[in-house]
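A quick write-up on the structure given underneath.
Only the coordinates and a few stated rules stand behind these numbers; no lab work does. Note that the coordinates shown come from a computational prediction; the quantities given were computed from them, not determined experimentally. Neighbour counts run over all protein chains shown; Cβ positions are idealised from the backbone, glycine included.
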Amino acid sequence: HLINPVERPQTPRVVTPFPAPKIMDLPQFQGGHKESLYWGTYRPNVYLGIRARTPQSLVAGLMWTGVKDGRFSMRHVCQDADELEKYGWMRHNGRDYGHQELVDQDMTLMTSFFKSKEDGSGYGGDWTVRIDVRNENSKLTEDLQQTAHLFFYLADEDGNALSLSRDLLDIHDNSLLAFGSRKDIGSWHLHLASMDDLEVHYSGFKTPHIHNLSDLVQQNLGAQVRKFGRLQLSDTSDDSSNILVFQISGSIPFRADIAFVSGTDLGGNSRLKDRLNSLTGTLLTTRLDEKEREFDDKFKNSFSLTDELDFESISIGKAAVANLIGGIGYFYGQSKISLPKTSDSLTFYGYSVAMTNSPRTYHVIGLISDDWSSNPLVNIFGMGLTEKISEGILTFRGIEEVANLRTPGAGCFEAEVVGEFDDHKELQFVALVIFLWTFWKNILCDAILQFKSGERYISYWPAELYTAVPSRPFFPRGFLWDEGFHQLLIWRWDIQICLDIVGHWLDLMNVEGWIPREQILGAEALSKVPEEFVLQHPTNGNPPTLFLVLRDLVFGMKKNKFTAAERDQISSFLERAFVRLEAWFQWFNTTQSGMATSSYFWHGRDNTTTRELNAKVWHHMELSSQETFSSGFDDYPRASHPGDEERHLDLRCWMLLAADCMYSISKLLRKEKELGKEYGSTAKLLSDFAILNQMHFDDAYGAYFDFGNHTEKVRLSWQEVGGTNHYATRELVQEVLERPRLRFVPHIGYVSLFPFMWRILPPDSLILEKQLDLISNRSILWTDYGLRSLSKTSSMYMKRNTEHDPPYWRGPIWMNMNYLILSSLHHYSKENGPYKDKAKTMYSDLRSNLIRNIVRNYQQTGYFWEQYDQKKGKGKGARVFTGWTSLVLLIMAEAYSEW
Ligand code: 6A9
């Protein structure tokens with residue numbers, strides 16, 4: 001049954017990389033630059049984690065034992081359940097220094113990271129971690145946990161064995177803990193030094209699943225406690241361990257320096273000793289002090305803060321940038337991309353399974369090639385598959401030939417699988433069977449398709465991503481539109497880091513010009529994401545906020561703000577990024593366009609619910625139907641009935657930003673006139689005041705709105721629903737009490753302020769006055785803590801979207817939008833016109849409200865929050881949200897974009 005190789009299906013376009021030289025291959029990202037960023041605290045998901053920017057790295061991390069409900073529990077992965085009073089980076093420069101404080105009940109840990117490239121160091125240099133353990137609450141020292149147990153580990157993702165040092169005894173004089181060798185950095189040593197009386201134990205493990213490390217350590221300890229009654233690792237390891245965990249125990253307070261040196265085969269012994277000395281003890285103290293001062297100076301120079309700010313606010317400003325920068329991670333893996341649902345035909349590329357007439361027979365087509373990356377074997381064994389095969393429940397027909405196909409890329413095979421499976425869900429199982437089978441026969445395969453709750457997906461190509469993250473405990477991964485806001489701070493801190501991050505993101509673009517919104521790369525990232533959020537939808541976008549930072553850079557070039565070297569880097573970056581940016585623009589411009597000329601709407605909202613209009617009741621509101629995740633505003637109210645006539649105001653403005661930015665980049669790079677002209681005229685069209693008003697301005701409300709098929713008479717109510725199953729259940733369902741019609745969608749909120757944020761309104765226009773009125777009106781958007789996302793007068797204000805969906809963008813205060821609105825107020829307070837003074841007062845009031853509230857919350861809770869409650873200003877949602885909430889620093893510094 002072998003298919004002719006000629007008929008081999010092409011790789012689906014959705015997983016085909018954009019065919020242009022990668023930005024990250026530019027010379028400016030190689031050599032010294034790349035090496036200088038090799039090691040870092042690039043594992044934001046753990047309290048302290050170090051790795052290199054390479055797919056399979058040597059990773060290091062810290063755990064310690066805490067107490068929960070009277071029992072020991074491991075602290076490792078950042079999680080709310082640990083109830084740390086406070087943690088985060090107080091200082092971090094993104095390169096070679098960071099200082100973090102973690103308060104866990106009575107114990108305070110301070111972790112410093114320091115990196116240096118010395119004569120004789122291997123690639124990427126040496127690094128060291130200082131851990132200070134203190135007991136702040138001295139009264140309790142007597143009775144409570146006097147001893148602290150730290151667990152510092154080193155793990156090789158490549159599976160290479162790590163060697164344990166033979167004598168772990170004398171730690172006063174820099175004792176060797178472990179050593180090994182890797183292709184990237186050569187030979188390395190890990191040392192521990194301390195002046196305190198510490199006890200060291202260890203344990204070795206062998207496993208490719210580093211994300212389960214806390215469990216491994218906990219199990220080992222648990223067994224020890226049961227056997228010997230002591231909390232002490234087993235002191236066992238064999239030659240094949242790829243993970244070594246060192247338990248460092250001591251009575252509080254104590255200090256331990258853990259130094260990692262590479263290139264140890266190169267340097268002479270004496271030089272190695274010097275290097276180790278300078279990475280530990282008093283010499284390290286001196287170097288850390290220097291770094292601290294350097295950070296403070298850089299902070300002062302990058303963000304000039306006015307005198308009106310008190311010391312406390314300034315240190316919170318420092319924490320904002322330190323946490324954003326310290327939270328930068330490096331990820332590697334494959335996104336899962338949803339493929340359009342089809343009801344019957346289930347034939348597709350890669351490993352595919354199609355149902356034939358008989359429910360128990362599946363038709364299988366597999367592709368064979370040389371691209372092999374992940375290994376889902378574990379899942380398969382977990383499902384008891386081996387038994388099924390041995391019991392003959394599963395048989396294969398025709399598939400045998402595949403075994404003879406030894407040459408990768410040689411062709412396809414077709415086969416039938418007969419098994420005890422009779423519904424779609426089981427297909428997933430069958431696909432895995434085939435996968436296992438070929439794996440067994442040592443055949444490599446590419447695109448592997450699986451089924452997941454009726455949805456099918458395909459893997460994106462394996463990709464690297466270097467990016468900041470919104471929140472270490474909740475969302476320790478990249479989000480496309482969040483990143484544009486992060487970069488507003490980061491470019492002001494370190495342009496090279498900024499370009500490196502933006503370059504990584506743009507390299508994730510596929511041939512269509514699409515970039516997946518949420519980047520869940522690798523097992524560690526995946527372990528944090530609920531299933532319903534995993535798949536990325538190629539029909540859905542996310543605001544192209546990277547243009548916000550590009551616009552700043554282009555403007556800075558025009559105004560001669562950068563050094564000559566920076567100018568060169570920005571130019572060559574833009575030069576190479578240009579085709580990608582064009583494709584990105586085109587992706588939005590074509591796939592997200594609306595019916596009316598120059599109108600746009602976020603596609604991908606499910607409109608199947610509208611079919612049930614006559615029945616008046618829509619059952620089973622799907623997350624995707626009423627929410628517009630792609631816009632970034634999730635549940636912000638849009639037209640009640642999704643459809644092609646919709647016009648989304650925010651997207652229109654994002655398109656304006658993109659077009660305008662493309663226009664200035666073309667001019668800057670002196671691209672062909674024609675090209676630039678087109679972007680110029682698009683920008684002109686999109687910023688045309690009259691057209692904007694005609695398409696989005698509602699005279700009756702004096703506000704800008706979305707347009708679409710809409711009725712306000714929709715409500716959620718509990719109803720008895722008889723499902724396909726036998727039970728009648730009560731569910732919150734949506735009732736439509738009136739036929740929707742095409743109209744403006746009358747919700748005042750962040751979306752209505754986009755034309756204001758984009759500064760489209762002439763400074764003397766009456767509409768500007770109206771916008772200022774909406775903003776400053778306490779019954780609409782104004783609060784003492786910032787501006788509400790949705791007006792108090794909106795019919796959706798603080799309404800749940802579904803039973804399980806509390807209001808998110810329907811009232812609470814968000815920092816990214818407040819920042820943009822504030823910066824427009826700043827702009828209008830400088831423009832001559834009748835509303836200048838009004839804008840000025842509002843600007844300074846809003847600014848101090850935002851700062852005061854974030855500072856107060858930080859002081860009270862120890863954290864930055866995802867959003868702030870509009871009634872009392874209380875932090876809400878994810879805490880340690882050091883993503884766009886860190887924009888508070890730009891607000892303090894009054895650093896806004898100009899164009
Ligand atoms: C949920 C829950 C342990 C939602 O900041 C990232 C995004 C924004 O881009 C978006 O605009 N946040 C905003 O509306 C958070 C999204 C989290 C989705 C996955 C996982 C895990 O809990």
Checklist entry - Separation of the stretch 51-119 and the stretch 490-514 by C-alpha centroid, Å? => result 27 Å
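Could I get the Rg over Rh figure for the stretch 295-337? Both from C-alpha atoms, Rh via Kirkwood, rounded to two places. Can you show the working numbers first?
Working: Rg = 15.7 Å, Rh = 12.6 Å.
Reported Rg/Rh, Kirkwood definition of Rh: 1.25.
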Checklist entry - Which value in Å is the Kirkwood Rh of the stretch 484-601 over different Cα pairs? => result 16.0 Å
Next on the checklist: Whole percent per 10 Å bin, from 0 to the bin with the longest distance: what is P(r) over all C-alpha pairs of the stretch 787-835?
Outcome noted: 25, 33, 26, 12, 4
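Given the peptides 786-795, 584-593, 884-893, arrange them by the average over their residues of other C-beta atoms within 10 Å, most packed first.
Put in order of decreasing packing, that is 884-893, 786-795, 584-593.
Only four residue types carry charge here, +1 at the Cβ of Lys and Arg and -1 at the Cβ of Asp and Glu. Report the dipole size of the stretch 781-899 about the Cα centre in Debye, rounded to the nearest 20. Working shown, then result.
Values: 17 positive and 10 negative charges, 79 e Å.
Value, rounded to 20: 380 debye.
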Next on the checklist: Can you list residues from other chains, or at least 5 along the same chain, whose modelled amide H is less than 5 Å from the amide H of Val511?
Outcome noted: Thr16, Phe18
Checklist outcome for this item: Given the candidates Ile248, Ser278, Gly229, the one whose Cα lies deepest towards the positive end of the charge dipole of the stretch 214-301, counting +1 at each Lys or Arg C-beta and -1 at each Asp or Glu C-beta, is Gly229
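Where a ≥ b ≥ c are the square roots of the eigenvalues of the C-alpha gyration tensor, would you call the stretch 778-866 rounded, which needs a/c under 1.5, or, failing that, prolate if a/b is larger than b/c, or oblate? Please report the intermediate quantities before stating the final value.
Details: a/c = 2.72, a/b = 1.43, b/c = 1.90.
Judged from the Cα gyration tensor, the stretch 778-866 comes out oblate (a/c at least 1.5, b/c at or above a/b).
Quick one: work out Rg over Rh on the C-alpha atoms of the stretch 651-801, Rh as Kirkwood radius. Can you show the working numbers first?
Working: Rg = 20.7 Å, Rh = 18.4 Å.
Checking Rg against Rh, the ratio lands at 1.13.
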Next on the checklist: How large is the translational diffusion coefficient of the stretch 665-711 in µm² per second when you combine the Kirkwood radius over alpha carbon pairs with Stokes-Einstein at 4 °C and 1.567 mPa s?
Outcome noted: 100 µm²/s
Checklist entry - Could you give the nm distance between label points at Asp196 and Glu831, where each point is 7 Å from its Cα heading toward the beta carbon? => result 5.9 nm
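Taking a temperature of 37 °C and a viscosity of 0.692 mPa s, what whole-number D in µm²/s does Stokes-Einstein yield for the stretch 819-867 with Rh from Kirkwood over alpha carbon pairs?
278 µm²/s
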Next on the checklist: If you consider only alpha-carbon coordinates, what radius of gyration and Dmax does the stretch 243-323 have, in Å?
Outcome noted: 18.5, 55
Next on the checklist: Please list, by residue number, every one of the GluC sites (Glu not before Pro) in the stretch 650-716 that is coil in DSSP and has at most 13 other beta-carbon atoms within 10 Å.
Outcome noted: Glu672
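So, by mean Cβ neighbours within 10 angstrom, what's the order for 289-300, 637-648 with the highest one leading?
Numbers: 289-300: 14.2, 637-648: 22.6.
By packing density, highest mean first, the sequence is 637-648, 289-300.
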Next on the checklist: Sort 305-316, 841-852 by the packing proxy (mean of other Cβ within 10 Å over each peptide's residues), most packed first.
Outcome noted: 841-852, 305-316
Checklist entry - Could you list, bin by bin from short to long, the percent of Cα-Cα pairs of the stretch 488-530 in 10 Å steps? => result 24, 35, 38, 4
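Please state the shape class of the stretch 527-595: rounded when a/c is under 1.5, otherwise prolate if a/b exceeds b/c and oblate if not, all from the C-alpha gyration tensor. Don't jump to the answer; show the numbers that get you there.
Details: a/c = 2.90, a/b = 1.81, b/c = 1.60.
Prolate, since a/c reaches 1.5 and a/b exceeds b/c.
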Next on the checklist: So if I restrict to the alpha-carbon atoms in the stretch 61-119, what is the Rg, and what is Dmax, the biggest pairwise distance, in Å?
Outcome noted: 13.8, 50
Next on the checklist: List the residues, sorted by chain then number, that are 5 or more residues from Thr783 or on another chain and whose placed amide H is less than 5 Å from its amide H.
Outcome noted: Arg788
Checklist outcome for this item: Classified through the alpha carbon gyration tensor (a ≥ b ≥ c as square roots of its eigenvalues; rounded if a/c is under 1.5, else prolate when a/b is larger than b/c, else oblate), the stretch 818-899 comes out prolate
Checklist entry - Taking the stretch 475-546 as the region of interest, what is the percent of Cα-Cα pairs per 10 angstrom bin, listed from the shortest bin to the one with the maximum distance? => result 18, 48, 30, 4
Checklist entry - Counting only residues 5 or more places away or on other chains, whose amide H sits under 5 Å from the amide H of Val46 once H atoms are built in the peptide plane? => result Cys78
Item to check | Alpha carbon convex hull of the stretch 168-268, volume per residue in cubic angstrom | outcome: 126 Å³
